[in-house]
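K.L.:
Please find one structure pasted underneath; my questions will follow.
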Amino acid sequence: MKRGYLVVALTFVVLTALTVSAVAADTIKIGVAAPLTGPLAPYGEGVRDGAILAVEQANAKGGVLGKQIELVILDDQADATQAANVVTRLIQREKVVGVIGPVISATASVGGPICQRFGIPMITPTATAVSITRVGDYVFRVCFLDDSQGSAAVNYMYGEGIKKAAVLYKVGDAYSEGLRDVFMQKTKELGMESIDVAYNLGDTDFSAQLSRMKNFGAEGVFCPFYYEDAVLVTRQAKAMGYNPLFVGTDGWDAQELLDQAGDASLGSAMTTHFSPTDSRPIVQQYLADFQARFGHFPIVLAALGYDATRLMIEAIGRAGSDDPKAIRAAIAATEGFDGVTGSPISLDENGDPVKDVTIIKVIEKDGELAFDFVAAVRP
Amino acid sequence: MSRVVASLLLCAVCILLALLRKYRTHVVSNPALKYSYYPALILLAALGINYLLTALGANKVYTFQQAVYGLSLGSVYALIALGYTMVYGIIRLINFAHGDIYMVGAYAGYYAVTVMHLPFVPALVIAMVASSVLGVLIERIAYKPLRNSPRITLLITAIGMSLLLENVGQKLFTSTPRTYPTIFKASYEVFGVSVDQSRIIIFAVTVLLMIGLQYFVNYTKPGMAMRALSQDRDAARLMGINVDRVISVTFAVGSALAGAAGILVGIVYPQIKPTMGIMPGLKAFVAAVIGGIGIIPGAMLGGMIIGVSENFVTAYISSSWRDAIAFGLLILILLVKPSGLLGKSVREKV
Amino acid sequence: MQRHPNQLKGSLYWIAASAVGLLILNYLVATDALDWYYAGVLSTAGIYIILTTSLNLINGITGQLSIGHAGFMAVGAYTAALLSVHYDTPFVVNILAAFATAAVAGLVIGLPTLRLKGDYLAIATLGFGEIIRVVIQNLKVTRGAFGIVGITWVDNLFYTEIVVLLSVVIIWRIVNSATGRALIAIREDETAAETMGINTTLYKVMAFAIGSAFAGVAGALYAHRMTYISPNDFTFLKSVDILVMLVLGGLGSITGAVVSAFSLTLLPEFLRFIDEWRMVIYPLLLVVVMLFRPQGLFGTKEIDFGALGAAFRWLKSRFGGAVGSAPQRTVETASPSSGMQTEVQTSSLQPAGVQPDLSGQPGSAAVAPAEPSSRPFLEVNGLSIYYGGLKAVSDFNMSLPEGALHGLIGPNGAGKTTVFNMLTGLHPPSEGEIRFRRKRIDRLPPYRISSEGVARTFQNIRLFKDLTVLDNVKTAFHMNVGYGFGASLVRPPSYGVKERRVTSEAERLLEILGLQERRMELARNLPYGEQRRLEIARALATRPRLLLLDEPAAGMNPQETASLMELIRWIRDEFALTILLIEHDMSLVMRLCERITVLDYGVTIFEGTPDEVKRNPRVIEAYLGQEAN
């Protein structure tokens, strides 16, 4: 009995203590909501590191509007409830002028309406589900949509002369199912024969799915999921002697794919946000700076975190004020932004970028596997 | 027409199977028939299915290919289910952490193969020993003090242990998946159905371990003690059985089997991660219940049923309904025959 | 289980305190002292409070282990979301609709699965929780994995807290009423509950449906708070979260559930610095709590207001009357041998009209038995039961007049208890018929037979062990509380009157059986003989016409047996009962019973008066074996 009493009392003490924390205001605060724990932590960390790099570079040049920029980074654990709490906390307690994140579609779908409600601009670097930016005029993104990515992938397959294709998608995953829909529709438009085959979260055995696609005679397999599953799919396909053209999505673009899938990944293509082999100076500079700062090669999502944060800082500068309303207007008016993940980038009326989709493929170079730039296509 | 014939044949096979089951006691008492009983059953079923498929004009190679895939997946479920069934049989606990012991076995095997560069058999032994030690430790630390507590307390502790192992695993092994190197490369073709060497090994190891376990439980002293314990713990204690030791042995053996499943999974489906134990753990428990919990061949049967049916659902319907079907099957079994396919029903004494 | 007798006022206190808390909270939010971030976190806490208390109704109170609660939350959330998005219905309507659909889901799933017990039930609920999610994932209308976007935003802390408060109060009232006693009885001993006239299936399903319904309400709140939901919000891990909160608070304790849900949602927000290790610390905490305090922080106890304790006691002394009593566990223990004496001494305290002439000499059965009525009161014809190939009882016949005191004897394993089991419906007979007051009861379920007026005690005592002696008896008043489910929610003035009447009647029964000293003790702590007497008290509370006593004198010393005999005779007359009793103590049977049936190997070998039985060679043979002949 006493214990319970104590718990209640303690909770209230802590609660009141935290309510009365002071806010200093000679910096401009930008918030980052990303998963930093749990299975999606690597992606959240990539976005976070990209944002840190962008802010440090801007601060080194004197910040924006004569003030230094302060980054407030909170972990949303890729969980909807946590994302709601974290985004509200960034806005209400940390008084940020803009939010970078959340990273995945499920959390961005929760964060978007909150930012809209409080009138704080939000740029999600990576969430590709179409509906996210439709909640209102305060929600933006810098990555391409599922539509663009899916169309680009199907066009690529079509260009390679594939007539029968399959999509292997992950049940219950909005990203994967969204791309499945785009794929099915697009292949139909192009007159290709196609089937969709599902797998479940946590599956390690893809034998049934692969043999089903093989039985169907699919020459190309579209794989809208992350590299962990891609490793299994390509290796198991190779083991059963099934060698279609695998076309992955941005989730495939990771060095681990090459390390873990090995030969099985050779020849696979994928759509992605940028290619390190892109020779534009801004890209090479970014790669060099990132490695100098963090001591390792960036994952692809880091580039999006970097671009999103740079866009936010640039918009604050263009707005000439740290008023969220003015910043929103400045972001919406973005035209010809020079991004690592594409150039020029403009934002359309929904707050989505008009930008290129990069296609890369796995080749063998000097006896090692590597990604090679194929094309940048504007859907 | 052929469909009618096929369904009639299927009925005949079913009736035959039922008859065989009914007269099993007579069969088993005859030593000549005893060892051919299960093979005969399987052969009959296979023949019946083959005929049915011919009659239906199905793609036989595709179908049998699925069966091969199903059996290797089923082997994994079966190995995990064996541990579940043993532990449940003795202390009436759904050891939720069992799936995570399987995960640890997979990682132990991974390090044995990659870091220590060991061949398959020693790596298998290391994985089994590591899991076994972990299983016994968990029992000693978390379950033993609660032996006389309500069942729900034990169950929740088990859920807690499971979450703990998963999350410590994420810290220890990081959440980035690891990939086993390819150990068995060969693949054979039988009537057009391709059978990988690794799949033969996973199936063979599973069957061998099950037979070994069956022998252990039925014909050795610790096995006898286990069976006594599962009947009546107090009586067993009075007969001079060291209850704590027998329970430890049970956890050791059950966990070792899970460890074997871990390394076998790594070899056939080469990727492992700290959360890999959750779903197979649940499915394996479903398998144990379907076969009849506490019954060793039942766990095997249940595992195979789930493995094969999951593959068929994926191959012919869609994977999106697969988990619902697995759990649906479980609920159906629980409602129709809660003691499982091979179980006997018991009546509560008032 | 030790609840305050003055629960009614207890819950009023909670309502008042919560209302004050609400006002403070809203003042803080309105004055910006508490920003939306905290408001949001508090809303989440509120949602978890509903989830945890509703799961407590199923797991803690009714004792049915469910681990698929998130599934019902999903049903409610999607109902509210779809209504909000497609029809733009108001918040209140959505909440009610979510309640209704989740209740239906609970009903549909509960009906088949609640036949299972323990771990099996747990696994089945887990399965159903997953199935609900998979179905939502595959349906077009729920937009599968994409989830539903654009749900109206209602994150008004005030509304949320009102819903939370209502939910908790409703659950509190259900638990602290005859319904709650029935649910707890099911948790304690399902078979015994059934013979107390409790339709256990109905109550289990009802608890399950109500628990699910409130999970649905929580889901609706969640949907309106998040404005976006997807099937991944309702996985097995969510169910585990809820279970962890419940268990940490203490299974069976409503206040424990509230406090635990509240602190476990708030704590991580303030412990962000341990984020990295949070998912390791949580399960560790769970295991540690289970190991060192398996009953949770609160056990099955409820918190009262320590500070208000004095006022509480004062109120109790003013209004409590017959109800109140200090809930101390250290009631003095009377020595077992004095038990019967106490009863005799206190007999003068009994209400007028009751004349317990117990102190009289043995054999003073001068009180004439109720006049035997011409038609048989209980008539059993050709009753048989087979277990597999074994005939446990075959062709059992019996005809009892009203007011009879009949004995059923026979060697061990003769099938006596089986006859009782058939008479009370626990084991439906394979053949034959039972007519009780000319009505056939052999196909009725036990609770119906109980409501026809048949009560029993058990050979291997089946009390509700973790309830107090008084609650044991009060539970048995189930059929006769005189108010319905609705009244226990609304609590009209008559409710209090009826509850007090139940309590005073229960206390009267305890007095008759010499247990009033013990009324606040847990049944499990009573000595053997007192447990047997408590079972009789409990059986009497169902207001039976026919009482079946299964070895009432087992384990008693001769002195106790003698007074028990007097007691049985006295209650037969006092309550106008017909009594059928199984007993091995021959002196008791021969002196007490008017007629005796002798059973051996499931077959009736003789029926007659005690004298005839004593002389009958077959009976002697059955008892002593052939050699003695």
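Every number in this text was worked out from the coordinates using simple rules, so none of it is lab data. Source: prediction; values computed, not measured. Heads up, the Cβs are rebuilt from the backbone with ideal geometry, glycines too, and the neighbour counts pull from every protein chain shown.
K.L.:
Within 10 Å of each residue's Cβ, count the other Cβ atoms and sort C:Cys593, A:Cys115 from fewest upward.
P.N.:
Placing the least packed residue first, the sequence is C:Cys593, A:Cys115.
K.L.:
Take every residue in peptide A:75-87, count the Cβ atoms of other chains within 10 Å of its Cβ, and give the average of those counts. Before the final figure, lay out the partial values.
P.N.:
On the way: counts 4, 0, 4, 1, 4, 8, 12, 3, 2, 11, 9, 4, 2.
Mean partner-chain Cβ count within 10 Å for A:75-87: 5.
K.L.:
Which percent, nearest 5, of DSSP beta bridges in chain A are antiparallel? Please report the intermediate quantities before stating the final value.
P.N.:
Details: 18 of 50 bridges.
Roughly 35 percent of the DSSP beta bridges within chain A come out antiparallel.
K.L.:
In chain A, if the dipole is taken from +1 on Lys/Arg beta carbons and -1 on Asp/Glu beta carbons about the Cα centre, which of A:Ala218, A:Ala78, A:Ile363 is farthest to the positive end?
P.N.:
Working it through, the farthest residue towards the positive pole turns out to be A:Ala78.
K.L.:
Could you pull out every whole DSSP H run in chain B that spans at least 18 Å of Cα extent along its own axis and averages 0.5 or higher on the Kyte-Doolittle scale?
P.N.:
Membrane-span-like by this criterion, though nothing is claimed about a membrane: B:2-22, B:37-56, B:60-91, B:120-138, B:151-173, B:197-219, B:243-268, B:278-291, B:296-316, B:322-336.
K.L.:
Now for a different question. So which of A:Lys163/A:Lys361; B:Lys60/B:Lys337; B:Lys144/C:Lys465; A:Lys95/A:Lys170 end up more than 31 Å apart by C-alpha?
P.N.:
B:Lys60/B:Lys337; A:Lys95/A:Lys170
K.L.:
Can you put A:Met270, C:Met556, B:Met239 in order of Cβ neighbours within 10 angstrom, beginning with the fewest?
P.N.:
B:Met239, C:Met556, A:Met270
K.L.:
Something else now. Loop only by DSSP, 14 or fewer other Cβ within 10 Å of the Cβ. Give me the trypsin sites (Lys or Arg not before Pro) in the range B:179-253 that pass, ordered by residue number.
P.N.:
Hits after loop and neighbour filter: B:Lys185.
K.L.:
Let me ask you something else. Show log10 I(q)/I(0) for chain B at q = 0.08, 0.09, 0.15 Å⁻¹, two decimals, from a solvent-free Debye sum over equal Cα scatterers.
P.N.:
-0.41, -0.52, -1.39
K.L.:
Give the aspartates and glutamates whose C-alpha is closer than 16 Å to that of C:Lys439, dropping any in the same chain fewer than 8 places away, or say none.
P.N.:
C:Glu379, C:Glu402, C:Glu452
K.L.:
Another question, if that's okay. Can you sort A:Ser109, C:Ser394, C:Ser430, B:Ser320 by how many other beta carbons sit within 10 Å, fewest first?
P.N.:
By the 10 Å Cβ count, ascending: C:Ser430, C:Ser394, B:Ser320, A:Ser109.
K.L.:
Next question, about the same structure. Given the options C:Phe214, C:Ala192, C:Gly21, identify the residue whose Cα lies farthest towards the positive end of the charge dipole of the range C:11-237 (+1 on Cβ of Lys, Arg; -1 on Cβ of Asp, Glu).
P.N.:
C:Ala192
K.L.:
For helix A:281-294, what angle does its Cα long axis make with the longest principal axis of chain A, in degrees from 0 to 90 and rounded to 10?
P.N.:
Long axis of A:281-294 versus the principal axis of chain A: about 70 degrees.
K.L.:
Now for a different question. Normalise the Cα radius of gyration of the range A:136-257 by 2.2 N^0.38 Å (N = residues in it) and let me know the number.
P.N.:
1.04
K.L.:
Between helix A:146-159 and chain A, what is the angle of the helix's C-alpha long axis to the longest principal axis, kept within 0 to 90° and rounded to the nearest 10?
P.N.:
20 degrees
K.L.:
Would you calculate, for chain A, the mean residue ellipticity at 222 nm contributed by helices, counting each DSSP H stretch of 4 or more residues as -39,500 (n - 2.57) and dividing by all residues, to the nearest 500?
P.N.:
So the calculated ellipticity at 222 nm is -14500 deg cm²/dmol.
K.L.:
Pairing the Cα long axis of helix A:2-19 with the longest principal axis of chain A, what angle in degrees results, from 0 to 90 and rounded to the nearest 10?
P.N.:
Its long axis makes an angle of about 80 degrees.
K.L.:
Once both labels are modelled 7 Å past Cα along the beta-carbon direction, what's the C:Leu237-A:Ala375 spacing in nm?
P.N.:
Each label point lies 7 Å from its Cα, and together they span 4.0 nm.
K.L.:
Oh, and also: Per residue, how much space in cubic angstrom lies within the convex hull of the C-alpha atoms of the range A:304-379?
P.N.:
Roughly 99 Å³ of hull volume per residue.
K.L.:
Positive end of the charge dipole of the protein assembly as shown (Lys, Arg +1 and Asp, Glu -1 on Cβ, about the Cα centre): tell me which of B:Ser318, B:Ser248, B:Pro119 has its Cα farthest that way.
P.N.:
B:Ser248
K.L.:
Follow-up. Can you give the charge dipole size of the protein assembly as shown about its Cα centre, rounded to the nearest 20 debye, using +1 on the beta carbon of Lys and Arg and -1 on the beta carbon of Asp and Glu?
P.N.:
The dipole magnitude comes to about 2920 debye.
K.L.:
Sequence neighbours fewer than 8 away in the same chain don't count; with that in mind, list the lysines whose C-alpha is under 25 Å from C:Lys614.
P.N.:
C:Lys416
K.L.:
Please report, to two decimal places, log10 I(q)/I(0) for the protein assembly as shown at q = 0.04, 0.05, 0.07 Å⁻¹ as given by the Debye formula with identical point scatterers on the Cα atoms and no solvent.
P.N.:
Summing over Cα pairs of the protein assembly as shown leads to -0.29, -0.45, -0.84.
K.L.:
On to the next question. At what distance in nm do the modelled label points of B:Ile211 and B:Arg140 sit from each other, each positioned 7 Å from its Cα along Cα→Cβ?
P.N.:
Here the answer is 3.4 nm between the modelled labels.
K.L.:
Gap in Å between the Cα centre of the range A:182-227 and the Cα centre of the range C:433-449?
P.N.:
The distance from the Cα centre of the range C:433-449 to that of the range A:182-227 comes to 63 Å.
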